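These notes are about the structure you will find just below.
The values are calculated or read from the model by the stated rules, or taken from the named source; none is laboratory data. A quick note: this is a predicted structure, and the numbers were derived from the prediction, not measured. In this analysis, Cβ positions are derived from the backbone assuming ideal geometry, glycine residues included, and neighbour counts consider all displayed protein chains. Please note that ligands, DNA and RNA were not included when accessible areas were found on the heavy atoms of the full protein model with its side chains. Shrake-Rupley method; radii C 1.70, N 1.55, O 1.52, S 1.80 Å.
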Amino acid sequence: MEVIHLSVECFPIAKVGGLADVVGALPKYQRVLGIDAKVVIPWFDRPFVKEHEFEIVATGSFFQGSEELQYEIHKEKNDILGFPLFLIKIPGKLDREEVYCYPDEAEQWIAFQHAFLHWIQNNGIHPSVIHCHDHHVGLIPFLLQYGAVFRDLADIKTVFTVHNGQYQGWMSWSKGILLPPFDTWKWGLLDWDGLINPLATAIKCSDIYTTVSEGYLNELFIEANGLQGLFNTESAKGYGIVNGIDTAYWNPQLDTLIEKKYNKITVLKGKEENKRILCEKYNLSSNLPLLSFIGRFAKEKGADLLAEIFIKLFSVRDNICVFILGSGDREIQDELTDLALKFEGKLSLFFGYDEELAHQVYAASDMLLMPSRVEPCGLNQLYALKYGTIPIVRAIGGLRDTVIDIENEGYGFVFEKLNTDDAVKAIERSLDIYFDVKTWKGIRRKAMQLDFSWDRSAQKYVELYNQLLK
Ligand code: ADP
């Protein structure tokens, strides 16, 4: 069975968040299960692309409105990621350094989707399933069915995975003329509240939609940035499948990005050494427990609450250090900068995106804080567990599904309500146990023994594909 994953992120080529980790790992695990899984993403002006060998396997052109766009399909020659990888290059549209935040995003993603369909249609490529990830490729299920020039592809099944329902790809109807020709009387499938809404279109038109955890699926039925009614209407074809982690890459025993490798037997010494090095570099005391935050400075992640949480925490406890790795909202960044000055030696920061540092932080920390408002799955807590770093999380979406509180014989600290007092209480609870060395050791061992690898979830997707093809 041939399955093409279509996305605008894929680790290690282009990563902004968890979407990239999933698209860079899931196909590899599906291939082990006998699925001919491939990945197609836009071409990026990035190190991976320059450092690896690519060949152009197809070219073509099409009109986007009145503009003729030329595309090239670049295939990575050696399947170095464990699956065939194709990049679509369109000069002026899909040849950039960053993944997001260009003013012509709508034009970029329409061009990506059109080029993909044009390429497969004209080169006899006919996968059994196209697996689309997030709104950037949300128009594919519609275009397969109602695109006037893609009739040959109409029998291809589609699975659409919602990694984040907050972002929907809204565009005004003035962009409609940029789409490939389609059955215009079907325009209602593109529309939501007077805008073209690719996420809504995908939920309406895909054969199956999935979310990256069961808990998140249930939350989307209640609140989905305006689409909750739609998620409910289409619920018969909705499934929640929790993400896995790529244990070949996220594994303290094999990790070449951390200072000292360790496993569940050598964790004490290994963590100590990683912590010493990180703390020395960032002017923190390595004799104290280290609590970290890694993530986008966005409201979704509760990053706007961090400053208040740490002010309250340091007012009641002085036996803890904090490290924050992230980037995003300028105001949050400024607030945290002020705080780091005030709590010098207790709180340190690194602003920016740094994959290597993220690995070091997971390895060096004792606890990881995730005070999220919305968390479709969350990968950080899964990486943390693998590295023996105990998650302190708000009970939401995938966090609720994957972290069990120690009071329920689990391996983490969970707080229900999104407020800074409850977050601080959860951190205090973790500190009380941290200093009970034997108990902490037991929790850490339990955490490191958990299996959140892709094996199980990859199989679940395969079952869905089979269900569609029956
Ligand atoms: P998101 O909503 O951002 O996709 P996830 O928890 O699904 O959240 O995935 C986040 C991924 O991004 C993880 O691999 C995490 O380690 C990584 N990450 C987030 N912020 C940074 C950063 N500033 N530097 C390095 N890695 C980061």
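For the pair TRP173 and GLU344, the difference between a 0.36 nm per residue extended length and the Cα-Cα distance amounts to 56.4 nm. Backbone geometry of the stretch 196-202 corresponds, through the Karplus equation with coefficients 6.51, -1.76 and 1.60 at θ = phi - 60°, to 3J(HN,Hα) couplings of 6, 10, x, 5, 4, 4, 5 Hz, x marking Gly and Pro.
Each other residue within a Cβ distance under 12 Å of SER7 adds +1 if Lys or Arg and -1 if Asp or Glu, for a net charge of -1. What GluC sites (Glu not before Pro) does the stretch 38-116 have in DSSP loop regions with at most 14 other beta carbons within 10 Å? Hits after loop and neighbour filter: GLU53, GLU97, GLU98.
For the pair ASP422 and CYS101 in one chain, pulling the backbone fully straight at 0.36 nm per residue adds 112.1 nm over the alpha carbon distance. In a simple Cβ point-charge model (Lys, Arg +1; Asp, Glu -1; nothing else charged), the chain has a dipole of about 1200 debye relative to its Cα centre. For TRP187 and LEU469, the FRET efficiency from 1/(1 + (r/R0)^6), where r spans their Cβ atoms and R0 equals 25 Å, is about 0.25. In the chain, the calculated helix contribution to ellipticity at 222 nm averages -11000 deg cm²/dmol per residue, counting -39,500 (n - 2.57) for every DSSP H run with n ≥ 4. With a ≥ b ≥ c the root eigenvalues of the C-alpha gyration tensor of the stretch 267-452, is it rounded (a/c under 1.5), prolate (a/b larger than b/c) or oblate? It is rounded, given that a/c, with a ≥ b ≥ c, falls under 1.5. Between the helical axis of 306-316 and the longest alpha-carbon principal axis of the chain there is an angle of about 10 degrees. Net charge in the neighbourhood of GLY270 (other residues with Cβ under 12 Å of its Cβ; Lys, Arg +1, Asp, Glu -1) is +4. Expressed to the nearest 5 percent, the antiparallel share of DSSP beta bridges inside the chain is 30 percent. Relative to the longest principal axis of the Cα atoms of the chain, helix 420-434 runs at roughly 60 degrees. Look at the dipole of the stretch 413-470 built from charges on Cβ: of VAL462, PHE413, PHE435, the Cα furthest out on the positive end belongs to VAL462. With all protein chains kept in place, the per residue accessible area of the stretch 267-452 amounts to 40 square angstrom at a probe of 1.4 angstrom.
Ligands, DNA and RNA left out, the accessible area of the chain computed with a 1.4 Å probe is 50% carbon and sulfur. Between the amide H of GLY328 and those of PHE297, distances stay under 5 Å, these residues lying 5 or more places away or on another chain, with hydrogens modeled in the peptide plane. For the stretch 267-452, the dipole from Cβ point charges (+1 on Lys and Arg, -1 on Asp and Glu) about the Cα centre works out to 500 debye, to the nearest 20. The slack in the chain from ASP36 to ASP451, taken as 0.36 nm per residue of separation less the alpha-carbon distance, amounts to 146.9 nm. For LYS204, the lysines whose Cα falls under 25 Å of its own Cα, not counting residues fewer than eight places away in the same chain, are LYS38, LYS157, LYS175, LYS186, LYS237, LYS460, LYS470. For GLU356 and ILE404, what is the calculated FRET efficiency with R₀ set at 30 Å and r taken between the beta-carbons, to the nearest 0.05? Calculated value: 0.50. With protein chains left intact and a 1.4 Å probe, residues in the stretch 40-103 average 49 Å² of accessible area per residue.
Note that the stretch 149-160 has calculated 3J(HN,Hα) couplings of 9, 10, 4, 5, 9, 4, 8, 6, 7, 10, 10, 10 Hz, one per residue in order, obtained from phi through the Karplus relation 6.51 cos²θ - 1.76 cosθ + 1.60 (θ = phi - 60°); glycine and proline are x. Using a ≥ b ≥ c from the Cα gyration tensor of the stretch 55-166 (square roots of the eigenvalues), is it rounded, prolate or oblate, where a/c under 1.5 gives rounded and otherwise the larger of a/b and b/c decides, a/b for prolate? Rounded. Cross-link partners for LYS441 among the lysines, with Cα-Cα distance under 23 Å and sequence neighbours closer than 8 places in the same chain left out: LYS260, LYS261, LYS264, LYS269, LYS271, LYS275, LYS386, LYS425. Label positions at GLU2 and ILE433, each projected 7 Å from the Cα along the C-beta direction, are separated by 5.0 nm. Charge tally for VAL162 (other residues, Cβ to Cβ under 12 Å; Lys, Arg +1; Asp, Glu -1): -3. Rounded to the nearest Hz, the phi-derived 3J(HN,Hα) couplings of the stretch 341-357 under the Karplus curve 6.51 cos²θ - 1.76 cosθ + 1.60 (θ = phi - 60°) are 5, 5, 10, 4, x, 10, 9, 10, 9, 9, 9, x, 9, 9, 4, 5, 5, where x marks glycine and proline.
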